[in-house]
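Structure, as structure tokens:
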Amino acid sequence: MTHDRDTIFALSSGRPPVAVAVIRVSGPRARLALETMAGRVPEPRRARLTRLRDRPGGDVLDEALILWFPAPNSETGEDVAELQVHGGQAVIAAVLGALGRIDGLRPAEAGEFTRRAFENGRLDLTAVEGLADLIFAETEAQRRQAYRQLAGTLGQRVENWRSLLIEAQALVEAGIDFPDEGDVPDRLLAPALAVARGLREEIAAALADDKRGERLRDGLVVAIAGPPNAGKSSLLNRLARRDVAIVTPHAGTTRDVIEVHLDLEGYPVTLLDTAGIRDTQDPVEMEGVRRARERAGAADLVLWVTDATTDAVNADRGEGTARIWQVRNKIDLARRDLNPSPCGSEEVFPISALTGAGLAELVAALARFASAALAGAEASLVTRERHRGALRKVVEALDRGLGEGAGREDIVAEELRLAARELGRLTGRVDVEDILDVIFRDFCIGK
């Protein structure tokens, strides 16, 4: 840790007004901040009630709890001060203003506290990503998955893999260094290849999870599609329990794709309301239809909504969809009874988006679908495409070393080095400057 870097501060709790607001200060002048505003520094990790002033002997800003976490035993690895003040807007503004007037202190940028924790070895990159996912988790399953990453589920496994690869690489290089020692190279190469083969199979098994980890993190995608005026937007509003889409009797109202996030029994589902699919000469509506077909084709499930008062059911639903359910809307206006048909390749759900009839059955079926599709996802090691891409490169390097290079110590050593380097990039141990800004840019101020 350098001692000439800025000391940062920020509100780390929720938007005011709140009962208690937490303001954190991290850096070499955190102690000065406490001395200036509180007149004292409490014992490490013990809360102290005191009056905060805008300067020594100045006006009292608030009566607050203060805490002191000296480096390196703090969240960021630096000296950290924490001020727990009353959560009114004026109090928070006054305290932040006083901190800003202390020489060497400045407001933190988004993600800067977490970035310093990473730079000081308190978190690896997979834990940083887990923290980000924990902040943005919307469902219980997402929370559990994010906490596993924050706790080091992937990071610890990757470090174990990396240590084994480095040991195997050392064996091979020892054989290269002693080529004249008879059978020494062969005796060293064989166990190194055995380690590489075992790791290759273990990592390949982690990748063979049908991308469940990413799907849980991002949420299943359910597209509501169908012809115009079938009630797609009305169904979206019903499922979202609020008016998120414009509903009119005129065809072509929905031009772009509308997204709504739902929590179905702890599992995340993103609903997409798409443009009515029909032939049209309107260039704007044509683009909406194109997007509708594209999004429906990439969705995990399509709810194909049709008008129960007509006989039209099938239409152009897009290509590549894994599953399609028929939703027959407007049963309150239909002259004949329609019964759910959960058998066969396509389920049929008669509903009325106007009255709500049949909606409970549809929602229950969606919850079952999400549960089945994401079963076991919380235990997945891989939760981001960055993880998957790095692990694929590891497997490719090991395949090269175990394949055509297996008889060449120099080739095996190089492929083991490349594999270990990719694992190091995954946790942030080596050469990750090009991805740090991308990872930290989505953090909120104060984290």
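The values are calculated or read from the model by the stated rules, or taken from the named source; none is laboratory data. The model shown is predicted, which means the values in this text are computed figures rather than measured ones. Here the Cβ is made from the backbone with ideal geometry for all residues, glycine too, and neighbour counts use every protein chain on show. Heads up: the accessible areas ignore ligands, DNA and RNA and are worked out on the full protein's heavy atoms, side chains in. Shrake-Rupley method; radii C 1.70, N 1.55, O 1.52, S 1.80 Å.
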Could you tell me which residue out of G121, L105, G77 lies farthest along the dipole of the range 70-123 toward its positive end? Charges go on the beta carbon: Lys and Arg +1, Asp and Glu -1, centred on the Cα centre. L105
For L207, put the label point 7 Å out on the Cα→Cβ axis and report which residues of the range 419-447 keep their amide N under 17 Å from it. 419-427
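Show me the ranking of peptides 159-167, 266-274, 347-355 by mean Cβ neighbours inside 10 Å, starting with the highest. Please list the in-between numbers first.
Working: 159-167: 17.8, 266-274: 22.6, 347-355: 20.1.
In decreasing order of mean packing, 159-167, 266-274, 347-355 become 266-274, 347-355, 159-167.
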Among the lysines, select those whose C-alpha is under 16 Å from the C-alpha of K330, and discard any that sit fewer than 8 residues away in the same chain. K232
Heavy-atom surface of the range 73-228, accessible at 1.4 Å and reported per residue (Å²): 44
Extension gain, E433 back to R46 (0.36 nm per residue minus Cα-Cα distance, nm): 135.7 nm
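Per residue, how much accessible area does the range 1-62 show when a 1.4 Å probe rolls over the protein heavy atoms, in square angstrom? All intermediate terms of the calculation are to be shown ahead of the outcome.
Numbers: 3560 Å² over 62 residues.
I get 57 Å² per residue for the range 1-62.
Mind ordering 390-402, 93-105, 298-310 by average Cβ neighbours within 10 Å, highest first? Spell out each step's value before the answer.
On the way: 390-402: 19.8, 93-105: 15.8, 298-310: 21.4.
Output ranking for 390-402, 93-105, 298-310: 298-310, 390-402, 93-105.
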Probe 1.4 Å, accessible area per residue of the range 375-442, Å²: 46
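Can you pull the percent of the range 371-447's accessible area that's carbon plus sulfur, 1.4 Å probe, other chains left in place?
So the carbon and sulfur contribution to the accessible surface is 49 percent.
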Summing +1 for each Lys or Arg and -1 for each Asp or Glu, what net charge is found among the other residues whose Cβ lies under 10 Å from the Cβ of R101? -1
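Only Lys, Arg, Asp and Glu count, each charged at its Cβ (+1, +1, -1, -1), so figure out the dipole size of the range 75-219 about its Cα centre, rounded to 20 debye. It would help to have the intermediate numbers written out before the result.
Details: 17 positive and 27 negative charges, 148 e Å.
That gives a dipole near 720 debye.
Tell me the carbon and sulfur percent of the accessible area for the range 1-150, rounded to whole percent, probe radius 1.4 Å.
Details: 3470 of 7120 Å².
Carbon and sulfur: 49 percent of the exposed surface of the range 1-150.
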